[in-house]
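Provided herewith is a single structure, encoded as structure tokens, for subsequent inquiry.
We did not get these values from a lab; they are worked out from the coordinates using the rules stated. Just so you know, these numbers come straight off a predicted model, no measurement behind them. All Cβ positions, even for glycine, are placed from backbone atoms using ideal geometry, and neighbour counts span all protein chains on display.
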There are 2 protein chains.
Amino acid sequence: MINQTHIASAFDRDLEAIQTQIMKMGGMVEAAIDDATRALLEGDTGLANATRRGDKVIDALEVTVNEEAARVIALRQPIATDLRTVLSVFRISAALERIGDYAKNIAKRTEILADLHPVDGGTASLKRMSKAVQIMLKDALDAYIQRDAALAYDVRARDEEVDQMYNGLFREYLTHMMEDPRNITACMHLHFMAKNIERMGDLVTGIAEQVIYLVDGELPDEDRTKADITSTAKGGMV
Amino acid sequence: MINQTHIASAFDRDLEAIQTQIMKMGGMVEAAIDDATRALLEGDTGLANATRRGDKVIDALEVTVNEEAARVIALRQPIATDLRTVLSVFRISAALERIGDYAKNIAKRTEILADLHPVDGGTASLKRMSKAVQIMLKDALDAYIQRDAALAYDVRARDEEVDQMYNGLFREYLTHMMEDPRNITACMHLHFMAKNIERMGDLVTGIAEQVIYLVDGELPDEDRTKADITSTAKGGMV
């Protein structure tokens, strides 16, 4: 058998280095969400364009993190909890990369919206939704570094609020479209943006669930109340 | 130095076992796309419900594949090309899992659509799009097993057709919504379903690009003509 105590410290050092990279990636993703949202709200196509281009750096960081994690598996041959910890790196970095993609998509649509018939309303809710997701992301990454399951459960619970904000926006955009057909194209894009933010919340929840898995050894029950009722129940269909 | 020839055969056997699991997973995902599409076109909510439930099996298979890949890294300590090959397993299984999620989402929306004002049209295009993606997926996995870069490039090229079909549907649904506001809610869901299929095409393209990376040692240029113009250029906005 391998002496677990002996290899633990080298493994821990390796893991810490990877976690630093993940925090860096997380910081960049947070900034991307913030930039994409500001670009949208302020109609700043320059910032939108910069956000799109910045996504390449996030993508490259994911590749680095994954290679680093593979190197640690090869070198340290972790088992049980340690293996689980390294495997969670792949999942968390993949989630961050996808959140970055959604921010990029919001930036793309901002550039399109600049040329469309402007739509009143919705922006305050979008801003609130985006802010909530940014704080969730920050807390999920803190929970990861601290191995704080309580904070991770809290993040997970807050995703319901994001889902509820999305439901509100879904209805709001439907109303705008029905009232004035000239709003339809712009509302379709705004709606996709709201959906992108809602999906970011789901991905952050996935990160929080990885933390719970690391701490408790099992994933929380899947049957969390899913509050995005627009794609799961009939109630949200107006 | 490690004797590469000696460990190669054991590594190859391990890899082959994992690839068999990926092919199994791919077959299930193909079936999920097919079932979700048939459920939508035939309004079969029972089949939709079965498709949703079936997604759990795909998710579980991804976990198994990842654990298996980690075990191979720990045991065989692959480097260079071999390491790249094992790391591609994480990416391909993640792509398959996400395609499965999109099929599940289509199934969810089918259950909702059953209670909404029915919309004429769009179904023939959705069916064609779904079929195209299923064949792309089959070919991408064949390309993976055969390490066939030419086939992978072909899959990648075909994604443009899927994007073009999506652009057509985007316009079609906008027209339906503008013509009759009673169509708006149903069209929003149909539009999301079309977008889900378009995203599946992107993920399959990602698998094909992994194959190209495995064979050629580098990813193809990112600047493939992106034919989903609805979120990237102004031309598709009608």
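I want to verify the translational diffusion coefficient of region B:8-107 in µm²/s; compute it with Stokes-Einstein, Rh as the Kirkwood radius over Cα pairs, at 20 °C and 1.002 mPa s.
Translational D for this selection: 150 µm²/s.
Report the local net charge at B:Ser125: Lys and Arg +1, Asp and Glu -1, summed over other residues whose C-beta lies under 14 Å from its C-beta. Can you show the working numbers first?
On the way: positive: B:Lys127, B:Arg128, B:Lys131, B:Arg171, B:Lys195; negative: B:Asp120, B:Glu161, B:Asp163, B:Glu172, B:Glu198.
Local net charge: 0.
Output the DSSP H helices from chain B with an along-axis C-alpha extent of no less than 20 Å and a mean Kyte-Doolittle hydropathy no less than 1.6.
Working: long enough: B:4-42 (55 Å, 0.00); B:45-76 (47 Å, -0.04); B:80-113 (50 Å, 0.14); B:123-146 (34 Å, 0.08); B:149-179 (46 Å, -0.57); B:184-216 (47 Å, 0.58).
The qualifying helices: there are none.
Of A:Lys56/A:Lys138; B:Lys131/B:Lys195; A:Lys127/B:Lys104, which ones are farther than 18 Å apart at the Cα? It would help to have the intermediate numbers written out before the result.
Values: A:Lys56/A:Lys138 21 Å; B:Lys131/B:Lys195 15 Å; A:Lys127/B:Lys104 29 Å.
Cα-Cα > 18 Å for A:Lys56/A:Lys138; A:Lys127/B:Lys104; rest within.
Kirkwood hydrodynamic radius for the protein assembly as shown: how many Å is it when counted over pairs of different Cα atoms? Walk me through the numbers on the way to the answer.
Working: mean 1/r = 0.0433 Å⁻¹.
Across the protein assembly as shown, the inverse of the average 1/r is 23.1 Å.
Kirkwood Rh, region B:76-168, all Cα pairs: how many Å?
On the way: mean 1/r = 0.0634 Å⁻¹.
That comes to 15.8 Å for region B:76-168.
Moving on. Quick one: the Cα spread of region B:124-221 along its three principal axes, in angstroms, biggest first?
Dimensions of region B:124-221 along the principal axes of its Cα atoms: 52, 23, 15 Å.
Still on this structure, I have one more. Under the √(5λ) rule applied to the eigenvalues of the Cα gyration tensor, what semi-axes describe the equivalent ellipsoid of chain B? Give them in Å, descending. It would help to have the intermediate numbers written out before the result.
Numbers: eigenvalues 280, 83, 27 Å².
For chain B, the ellipsoid semi-axes come out as 37, 20, 12 Å.
Residue by residue through B:64-73, how many Cβ atoms from other chains fall within 10 Å of the Cβ on average?
Numbers: counts 0, 0, 3, 3, 0, 4, 11, 4, 2, 10.
So the per-residue partner count for this stretch is 4.
So how far apart, in nm, are the two label points at B:Ser125 and A:Thr20 if each is 7 Å from Cα heading toward Cβ?
5.2
Can you pull the mean other chain C-beta count within 10 Å for peptide B:156-164? Walk me through the numbers before you get to the answer.
Working: counts 0, 0, 0, 0, 0, 0, 0, 0, 0.
Across the residues of B:156-164, the mean count of other-chain Cβ atoms within 10 Å is 0.
Is it possible to state the helix-based mean residue ellipticity at 222 nm for chain A, with each DSSP H run of 4+ residues giving -39500 (n - 2.57), the sum divided by total residues, to the nearest 500 deg cm²/dmol? What is it? Display every interim value, and only then the final one.
Numbers: 6 runs with 193 residues, N = 238.
Rounded to the nearest 500, the figure is -29500 deg cm²/dmol.
Additional query: Partner chain Cβ atoms within 10 Å, averaged over the residues of A:166-174 - can you pull that number for me?
Working: counts 0, 0, 0, 0, 2, 1, 0, 2, 5.
The per-residue average across the peptide is 1.
Also: Per 10 Å bin from zero, what fraction in whole % of the C-alpha pairs of region A:122-180 is there, up to the bin with the longest pair?
22, 40, 23, 11, 4, 0
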